[in-house]
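Asker: One structure, as structure tokens, below. Some questions next.
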Amino acid sequence: MSSKSEFDSADGVFGGPPESPDGREALYAAPAEEAVDELERVSGTHPGYRRAHARGFCCRASFLPSGKAAPFTTAPHLQEQEVKAIVRFSGSSTDPALADLLSPAKGMAVQFLLPDGGRSSLVGVTVPVFFARTPESFMEMLMTLNRTKSGRMPKAEALRRFARHFGESRQSLLALKRLKPPASYATNLYYCIHVYFLVDEEGRRRPVKFEWIPDSGVQTLSIHDAAAMPDDYLERELESRLREQPPSFKLNIVFGEEGDPTDDPTKRWPSDRRRIDAGRLVLLEPVAEPHGLIMDPTSVTDGIALSDDPILNFRRDTYAESLKRRSGGH
Ligand code: HEM
């Protein structure tokens, strides 16, 4: 029986996966434009804003590496010299007007400004795993959500589709459910989710994940207290915190072992994996967002290599497409 339905081609935007002769869905690459179109359907188009994590707050920062990662990578910011950085905190919503309380996951994107003028990015969120394993499942889940909301897909069909992805989404949904409203952008643990490889001077590659640990500890609010806060309480709180004492984060590097998946953003590694403290990021002061700033997680310096995680690699073109639209005033 075909898995295609009238809903797949309802607006001609996305035809749904073609079927292979053995009846299983064939893989195809969902182009970046389609992904950004679909993100725009979540809450409409907000000219000039990012198509996800629309509202954010930028700070100037400084990163002092501990030197402990230096034996494993030639990346300049992970040696011993202090480097400058730009950090952008954000709420995950596509709607820049949504209250902080209502967008559960928060983002922390860091761009290290390297001594040779290059840049290297690390993008984290407050949940340790993503809800989709591939761009294809990301697209199917997002389309299903949008079409159900707009009444173009019956709930039963939507449930059938979500059920197909429940195995891969489960951990992420549980993590989202457990999230409490943060007391501050500076009191969250941020996970960079994807696997990267550290590359040393001899070209040896070691799989790693990155995490930012807040020096002030994780602090949350009760729903009751958060509901009494202004819609943009996280920006206001960070502004006043920056005036008092610069908040800081430790960068943890977690080393994978034989058998740990390197291409699946829906899976965590066992908690006993070796971790090193690679350095400390200190937030210094708020800054206006630099023109054309893009926090592309595939933009990394020599000494760090991308894994073959399909979601990580798909993000490059979607972020560029979002930048193109928002900087064109759309
Ligand atoms: C299919 C997967 C994904 C798609 C299509 C997607 C799409 C996007 C888009 C279009 C933007 C706006 C980019 C810009 O205009 O500069 C964005 C921002 C962001 N995304 Fe994703 N994303 C995906 C996966 C993830 C994952 C796995 C994470 C977890 C680390 C993540 C965290 C963020 C954050 C923190 C931002 C804000 C970056 C900033 O402050 O500039 N995204 N995403």
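The values are calculated or read from the model by the stated rules, or taken from the named source; none is laboratory data. All values reported here derive from a predicted model rather than from experimental measurement. Positions of Cβ are generated from backbone atoms using ideal geometry, with glycine treated the same way; all protein chains shown enter the neighbour counts. Quick note on the areas: whole protein, heavy atoms, side chains included, nothing else; ligands and nucleic acids left out. Shrake-Rupley method; radii C 1.70, N 1.55, O 1.52, S 1.80 Å.
Asker: Do we have Phe89 as closer than 23 Å to Arg316 by Cα and more than 9 Å from the ligand (Cβ to nearest atom) here?
Answerer: Spelling it out, it is not the case that Phe89 is closer than 23 Å to Arg316 by Cα and more than 9 Å from the ligand (Cβ to nearest atom).
Okay, residues lined up against (1) among the polar types (S, T, N, Q); (2) modelled with pLDDT of 95 or more:
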{"residue": "Phe131", "(1), (2)": "no, yes"}
{"residue": "Thr134", "(1), (2)": "yes, yes"}
{"residue": "Thr144", "(1), (2)": "yes, yes"}
{"residue": "Arg164", "(1), (2)": "no, no"}
{"residue": "Pro181", "(1), (2)": "no, yes"}
{"residue": "Ser184", "(1), (2)": "yes, yes"}
{"residue": "Leu189", "(1), (2)": "no, yes"}
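Asker: Of these, Ser92, Ser137, which one is hydroxyl-bearing (Ser, Thr, Tyr) and under 22 Å from Glu239 (Cα atoms)?
Answerer: Working: Ser137 fails: under 22 Å from Glu239 (Cα atoms).
From the options Ser92, Ser137, the qualifying one is Ser92.
Asker: Please specify each residue of the range 30-67 satisfying the condition of being within 20 Å of Leu113 (Cα to Cα) and more than 11 Å from the ligand (Cβ to nearest atom).
Answerer: Cys59, Arg60, Ala61, Ser62, Phe63, Leu64, Pro65, Ser66, Gly67
Asker: What number goes with the only condition from (1) surrounded by fewer than 19 Cβ atoms within 10 Å (Cβ to Cβ); (2) among the polar types (S, T, N, Q); (3) over 26 Å from Asp116 (Cα atoms); (4) within 16 Å of the ligand (Cβ to nearest atom) that Gln245 does not pass?
Answerer: Gln245 satisfies all of (1) surrounded by fewer than 19 Cβ atoms within 10 Å (Cβ to Cβ); (2) among the polar types (S, T, N, Q); (3) over 26 Å from Asp116 (Cα atoms); (4) within 16 Å of the ligand (Cβ to nearest atom) except (4).
Asker: If we scan the range 9-17, do we find a residue that is at pLDDT below 95, open to solvent by 30 Å² or more (accessible area, probe 1.4 Å), more than 25 Å from Pro310 (Cα to Cα) and more than 14 Å from the ligand (Cβ to nearest atom)?
Answerer: Scanning the range 9-17, I find at least one residue that is at pLDDT below 95, open to solvent by 30 Å² or more (accessible area, probe 1.4 Å), more than 25 Å from Pro310 (Cα to Cα) and more than 14 Å from the ligand (Cβ to nearest atom), so the answer is yes.
Asker: Here's a follow-up. Being of a type in the set (A, V, I, L, M, F, W, C) and buried (at least 20 other Cβ atoms within 10 Å of the Cβ) is the filter here; which residues of the range 198-211 pass it?
Answerer: Listed by number, the residues that qualify are Leu198, Val208, Phe210.
Asker: For residues in the range 212-232 being surrounded by 14 or more Cβ atoms within 10 Å (Cβ to Cβ) and aliphatic (A, V, I, L, M), which is farthest from the chain's Cα centre (by Cα)?
Answerer: Met229
Asker: A further question follows. For the structure I just gave you, tell me whether Lys250 is under 25 Å from His77 (Cβ atoms), more than 9 Å from the ligand (Cβ to nearest atom), basic (Lys, Arg) and open to solvent by 40 Å² or more (accessible area, probe 1.4 Å).
Answerer: So Lys250 fits the description; yes.
Asker: Those residues that are touching a residue at least 40 places away in the same chain (Cβ under 8 Å) and assigned to a helix (DSSP H, G or I), I need them from the range 148-185; list them, please.
Answerer: Of everything in the range 148-185, those that are touching a residue at least 40 places away in the same chain (Cβ under 8 Å) and assigned to a helix (DSSP H, G or I) turn out to be Glu157, Glu168, Ser169, Gln171, Ser172, Leu173, Ala175, Leu176, Tyr185.
Asker: How many of the residues in the range 316-330 are under 21 Å from Asp263 (Cα atoms) and either among the acidic types (Asp, Glu) or open to solvent by less than 40 Å² (accessible area, probe 1.4 Å) (or both)?
Answerer: Going through the range 316-330 one residue at a time, the tally reaches 2.
Asker: When you check Asp272 against the structure, is it under 25 Å from Leu39 (Cα atoms), surrounded by fewer than 17 Cβ atoms within 10 Å (Cβ to Cβ) and more than 10 Å from the ligand (Cβ to nearest atom), yes or no?
Answerer: no
Asker: Hey, can you tell me all the residues within the range 194-209 that are within 16 Å of the ligand (Cβ to nearest atom) and either assigned to a loop (DSSP other than H, G, I, E, B) or in contact with a Gly (Cβ under 8 Å, 6 or more places away or on another chain) (or both)? Steps first, please.
Answerer: First pass over the range 194-209, keeping only residues within 16 Å of the ligand (Cβ to nearest atom): 194-196, 208-209.
Scanning the range 194-209 gives His194, Val195, Val208, Lys209.
Asker: Assigned to a loop (DSSP other than H, G, I, E, B), within 26 Å of Cys59 (Cβ to Cβ) and open to solvent by 40 Å² or more (accessible area, probe 1.4 Å) - does that describe any residue in the range 279-288?
Answerer: There is at least one residue in the range 279-288 that is assigned to a loop (DSSP other than H, G, I, E, B), within 26 Å of Cys59 (Cβ to Cβ) and open to solvent by 40 Å² or more (accessible area, probe 1.4 Å).
Asker: Name the single residue, out of those in the range 96-120 being of a type outside the set (Lys, Arg), crowded, with 21+ Cβ neighbours inside 10 Å and within 12 Å of the ligand (Cβ to nearest atom), that is farthest from Arg160 (Cα to Cα).
Answerer: Gln111
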